[in-house]
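Reading through the structure tokens given below for one structure.
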Amino acid sequence: MVGGLVRFPAWRSTELATHALRPPGSGLRARGMEGACKVSGTPALELQSVRRAYGFGHSATVALDDVRLTVRPGRFVSLIGPSGCGKSTLLRLVAGLERPDRGEVRVHGVTPAEACAAKMIGLVPQSPALLPWMSVLRNVTLPQRINPGAARRRARIPGSTGRESAPEIPSMRELLVKAGLGEAMHKLPAQLSGGMRQRVAIVRAFGLRPDVLVMDEPFSALDEFTRESLQDQLLDLWDELRTTVLFVTHSVSEAVRLSDAVVVMARNPGRIVETVELDLPRPRGERLFGERRFHEYEALVRDRLRRAWHSDAA
Amino acid sequence: MPVAAGRTSAASQAQPAEPSRFSLSHPQSRLAWVRPAVWLPLVVMLAVLAALWQWGARRLPYLLPSLPDVGRSLTENPGYYVHNALVTLGEATAGLGLGFAAAFALAVLTSELPIVRRAVMPIAVVLNVTPIVAIAPALVVAFGFGPAPKLIITGLICFFPILINTATGLRSVPQEVLHVYRTIDAGRIEMLWHLRIPHALPFVFAALRIVFPLSIIGAVVAEMSASGSTRGLGTAISVASSMNQLPVVYASIFVLAFMGVTLLLAVTLVERRALHWHDSTQD
């Protein structure tokens with residue numbers, strides 16, 4: 001026993017796949033390090049043997065090594081793992097904010113840079129990143145006015161959903177009302193609570209109707225009740241728009257509640273050690289918290305996370 | 001390290017004035033001046049200073065004119081002071097405009113192009129630490145007694161605080177905001193117009209609060225350096241000093257101080273309206 005926790009022996013990520021625990025009769029699924037599902041057609045996200053290191057020579061820190069991940073369009077996938085395991089780096093690679101040293105990142109079959117140029121990616125960072133001099137409405141509509149040539153570029157990308165093929169895109173005003181921000185539309189960010197600001201950031205990203213939405217611990221600074229309320233609203237928006245979401249979180253219950261799959265990562269070097277597929281019904285309201293399967297999944301992800309943590313500490 | 005408005009040393013100008021974070025106003029604080037506890041200390045202080053002045057003027061009449069004499073000089077010939085004040089004000093604002101335009105354009109270039117920053121900033125620092133008063137006579141020799149040397153001197157004095165503050169402001173956009181807009185491939189111009197310039201505004205106004213009074217100093221220094229100059233309060237002070245007309249000297253100084261305060265108030269009012277969302281405009 002170390003620190004009250006069972007210390008697992010060090011193990012290679014590939015081995016984890018074969019030793020994945022499955023509670024008897026629960027039907028819970030866990031996959032190997034690829035984090036992959038067999039995908040027909042162009043996947044929304046594809047990372048192949050991706051490596052990213054910071055620094056040079058002996059002092060280099062390998063943030064990600066040999067990361068493979070494939071996500072089908074319309075899925076909600078969470079990344080979870082100990083601090084320093086490369087979750088945010090992976091997110092930045094997908095969002096085109098960084099480039100891999102090795103390997104390939106594809107978003108609907110094109111590079112992240114091309115996807116950004118076609119406005120196929122929406123980002124919700126840890127802080128709301130709102131412009132303090134603009135009203136809520138102007139904050140969420142500004143990105144629509146940026147890069148006006150994106151629609152043309154997007155139409156040329158075969159993997160993209162395209163705005164014209166979307167069922168019906170709600171206007172920004174409608175999205176704000178749906179997110180409970182109808183009254184706050186003309187207020188400045190400084191007049192809103194932290195939770196409301198984060199909702200504005202989510203609406204801003206969803207309003208672009210991105211093919212892939214990347215969210216970097218968007219609720220981490222909020223209290224428990226606000227967090228759950230925002231999870232509800234995020235799920236409502238996602239149920240309607242069905243954007244592919246890559247969601248970084250430190251919260252196991254948040255990951256289980258929101259996701260179709262939870263990708264567990266370990267550090268030193270940052271890598272994917274397992275993907276836990278979640279077979280829970282949607283919509284996932286508050287009743288989910290009382291269901292046995294929800295807690296079984298929580299326990300499973302927590303167990304995998306503990307192993308990932310110890311794989312580094314060992 | 002923030003720069004206190006009106007401070008002119010090279011060391012203090014080398015640091016950008018740091019505006020505070022974002023928030024909204026508290027209207028009740030605007031009525032604070034109604035309370036005697038707020039205005040009475042200033043009034044008492046002014047009364048004490050006036051009494052000291054009068055005491056000094058009685059003892060050393062050849063060094064300090066009495067306040068009634070200064071007041072008489074102002075009221076007996078107000079046109080003289082208004083005319084010269086307008087000349088100095090014109091030179092100050094025109095020079096400031098030139099300095100602002102040059103500094104702002106260069107700040108944009110240095111924030112967008114690191115190579116320009118590396119090339120320009122060392123020269124700007126050297127220019128800043130060089131006493132402008134020492135350059136003024138050379139500029140007068142080069143450009144004559146017309147407005148050109150006065151505009152250049154005023155522009156040079158205003159240039160550096162605006163350059164440093166604006167460049168810092170343009171680079172002050174939070175990383176997460178930049179990331180959001182980079183993921184939608186916002187272009188440089190879009191980033192500059194929608195993000196960088198608005199984020200730089202609190203820094204620009206902080207610089208303006210410093211350089212508006214400085215521009216008056218620049219104009220007066222230029223007028224005093226150009227010995228053939230015939231107009232402006234700087235010239236009025238020089239001429240009156242040489243003729244030992246102390247009431248005129250001090251009346252001109254009071255007018256200059258009044259102009260400086262008025263300009264500062266004007267900037268503050270514009271800042272309050274333009275930056276109503278920012279902490280720096282709160283009481």
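The values are calculated or read from the model by the stated rules, or taken from the named source; none is laboratory data. Quick caveat: nothing in here was measured; it's all calculated off a predicted structure. Cβ atoms come from the backbone with ideal geometry, glycine included; neighbour counts cover every protein chain shown.
Descriptive notes on the structure:
- The criterion of at least 3 residues that are aromatic (Phe, Trp, Tyr), touching a Gly at 6+ places or on another chain (Cβ under 9 Å) and in the same structural domain as B:VAL267 (by TED's automatic domain parsing) is met by none of the helices (runs of 4 or more DSSP H) wholly inside segment B:69-161.
- Selection status of B:GLY146, touching a residue at least 12 places away in the same chain (Cβ under 8 Å) and more than 25 Å from B:ARG188 (Cα to Cα): no
- Criterion: within 14 Å of chain A (Cβ to nearest Cβ) and either under 30 Å from A:LEU123 (Cβ atoms) or without any contact (Cβ under 8 Å) to a residue 24 or more places away in the chain (or both) - qualifying residue of B:VAL126, B:VAL204, B:VAL116, B:VAL141: B:VAL204
- Condition check for B:GLY56: in the same structural domain as B:ALA124 (by TED's automatic domain parsing), out of contact with any Pro (no Cβ under 7 Å at 6 or more places or on another chain) and in a helix (DSSP H, G or I): no
- Among the residues of segment A:88-103, just one is within 11 Å of chain B (Cβ to nearest Cβ) and of a type in the set (Asp, Glu), namely A:GLU98.
- Criterion violated by A:ALA205 - all others in (1) in contact with a helix residue (DSSP H, G or I) (Cβ under 9 Å, 6 or more places away or on another chain); (2) modelled with pLDDT of 90 or more; (3) surrounded by fewer than 24 Cβ atoms within 10 Å (Cβ to Cβ) satisfied: (3)
- Just so you know, in segment A:104-151 the residues that are within 22 Å of the chain's Cα centre (by Cα) and on the phi > 0 side of the Ramachandran plot include one that is farthest from the other protein chains (Cβ to nearest Cβ), and it is A:GLY109.
- Within segment A:112-133, residues that are surrounded by fewer than 24 Cβ atoms within 10 Å (Cβ to Cβ) reach partners that are of a type in the set (Phe, Trp, Tyr) and not in a helix (DSSP H, G or I) with beta carbons closer than 7 Å, at six or more positions or on different chains, in the pairs A:PRO132/B:PHE22; A:PRO132/B:TRP277; A:TRP133/B:TRP277.
- On the stretch given as segment B:239-276, residues that are in contact with a Pro (Cβ under 7 Å, 6 or more places away or on another chain) and within 30 Å of A:PRO132 (Cβ to Cβ) total 3.
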